Structure formats: C-alpha cells, structure tokens
Amino acid sequence: MSGQVLQLERVSRTHGHGATSVAALRSVSLTVNAGEFVAVMGPSGSGKSSLLALAGGLDLPNAGEVFVEGTPLGGLSLNELARLRRRAVGYVFQDFNLVPSLTAAENVALPRELDGIAAKKARRQAKDALRQVGIAELADRFMDEMSGGQQQRVAIARAIVGERRLILADEPTGALDSATGDGILEVLRGRADEGAAVVLVTHEARHAAWADRVVFLKDGRIVDQTRTATDPSVLLAGAGL
Ligand code: ADP
Ligand code: MG
C-alpha cells in the first residue's frame, strides 16, 4: 500500500469571532502516507487536538482543505462525511466516547455494523481488536465494570478494528500504566507497518520515538519536524524537555 492517506493543505481553524477569537491552527500543511506513523507534540493549547479533529472530519477548517484518501472533506455532505469516518478513520478520543449500555465487544463492533458489515464478522473483528490491545477476556463486560485503563483499551480497539486506513489517537495512553502504554504503541506501530497512516498526539518523547516523524506544534503552527530513529536528545529538545 502506498500514497497519501491524509493531507492538510494550509489549514486554519479559528474559534469565535472578533476580539475574543482564538486561532487554534494557522495555515498548517501536513501529509501522512500509507505506512507512516507521525507523532504530534507541543504545549497545551498549541492546537494538537484541533489538528486531529480536522484530520478526522470531526471539525471543518475556516480556510484550507483536508483530504482523506484523496477526497476533499469540505466537498462532502454530512452523511458522506459520517460514512467516510466510519469506514476509513479510527479515532481515539481523549475522553474515550464509549457507549455505557454496550459491552466492550459491542462498542468495538458498533462502527462496523453501522457500516453494514454482517454482525458475525463485525463481532469477530471486534474480538481480534480486543485481543490486540490485551483485553480479549473482557469482551463481554459493560463499561461500568471496567477500569479507566481497560476502557481506554476498548477505545483503542474500536479505532483499530477492521481495515481502517487512517488512525488518529489523541493522547491514548493517559490512563494506562507504562507497560500497557508501550504495548499500545506497539499495536499502533504494527498498524502503520501493515499500511495504515497513524497520527498520534502525545506528550511523551518515549512514545513519539515509535513514530517515523515527529511534528511539533506551537501557537497553532508547525514549528519543527524531526525524523525519529536518529538522536533521542533531538526529540527531547524539540519537546522542550
Ligand atoms: P491542544 O490539544 O494542543 O492542547 P487544542 O487544539 O485543544 O490544543 O486548542 C488550541 C487552542 O484553541 C486553545 O487556545 C484552545 O483554547 C482553543 N480552542 C480549542 N477548541 C475550542 C473551542 N471549541 N472553542 C474555543 N476555543 C477553542
Ligand atoms: Mg488536546
């Protein structure tokens, strides 16, 4: 697999109007290819979550254009956008966004079933994704029977289930102990190696080191890009650590 999965072209996003408006992103351009894993770092408020929301079509820019697999999101109807998100985009939210009345397996299978995949196949894919994040044995638990860390793993399983080509994760290891967090990074790395484009927001240089490239945001702009697997101290310096 090759080619551009995600492309942001001079994307700007401003919240509010007039004197109180906030520029969350200022003319950001970024391309992520199939098989590529990009980490996004930067201080709180620098625009990391805004960038991810635009990349996943959860929000639309004021200027510029976002392309997912070559499709400009700005040209889609809301229904088409929702369909593209379900089929192509796996999104790990900072606050998980799980459905409390469903089990772990049902939460993970839901986007597949909404997309018309047979229940049995969706269920099988869900179990496989739960196995990859290390909680296969919890498939039939409801959310209120799971710890925060376990719920987070369900959210990650839901993002990687099936054959999603774009995986976007906003600080997905926050509630996890470091061994589990490392395991999740290995899963994301594996997805990229299998051909997905992965974008990870993280404040941990140790996690960013799994990426092919690190993008640093500051005040809504990309201020630096580093290829990893070089010198970890470059990473630490870029992250302001
Ligand atoms: P990060 O994820 O890097 O902490 P965000 O993308 O969440 O940063 O936010 C970037 C800037 O945009 C911040 O100044 C934030 O306060 C502002 N912002 C984000 N979302 C909204 C919103 N819905 N309304 C108003 N301001 C927002
Ligand atoms: Mg954020």
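Observations
- Cβ-derived FRET efficiency at R0 35 Å, GLN225 paired with THR20, nearest 0.05: 0.65
- nm² value of the averaged projected area, convex hull over the Cα atoms of the chain: 13.2 nm²
- Mean projected area of the convex hull spanned by the Cα atoms of region 27-151, taken over all viewing directions: 9.3 nm².
- Farthest positive-ward along the chain dipole, Cα basis, beta-carbon charges - from GLN225, VAL201, LEU76: LEU76
- Amide H contacts of LEU168 (H built 1.01 Å from N, under 5 Å, at least 5 apart or other chain): GLY90, TYR91, VAL92, VAL199
- A Cβ-based charge dipole, computed about the Cα centre of the chain with Lys and Arg at +1 and Asp and Glu at -1, lands at about 460 debye.
- DSSP assigns beta bridges within region 131-228; of those with both partners inside it, close to 55 percent run antiparallel.
- 0 to 90° range, to nearest 10: angle between helix 148-160 axis and the chain longest Cα axis: 80 degrees
- Of the beta bridges in the chain, as assigned by DSSP with both residues counted there, near 55 percent are antiparallel.
- Computed from label points 7 Å out along Cα-Cβ, the spacing between ASP115 and THR71 is 1.0 nm.
- Förster-model FRET efficiency, 30 Å R0, LEU102 and ASP193, C-beta, rounded to 0.05: 0.50
- In the chain, helical runs assigned H by DSSP with n ≥ 4 each contribute -39500 (n - 2.57); averaged across all residues and rounded to the nearest 500, the mean residue ellipticity at 222 nm is -10500 deg cm²/dmol.
- Accessible area of region 9-153 belonging to carbon and sulfur atoms, whole % at 1.4 Å probe: 49 percent
The values are calculated or read from the model by the stated rules, or taken from the named source; none is laboratory data. Just so it is clear, the model here is predicted, and its values are computed rather than measured. Positions of Cβ are generated from backbone atoms using ideal geometry, with glycine treated the same way; all protein chains shown enter the neighbour counts. Note: areas computed on protein heavy atoms with side chains; ligands, DNA, RNA excluded. Shrake-Rupley method; radii C 1.70, N 1.55, O 1.52, S 1.80 Å.
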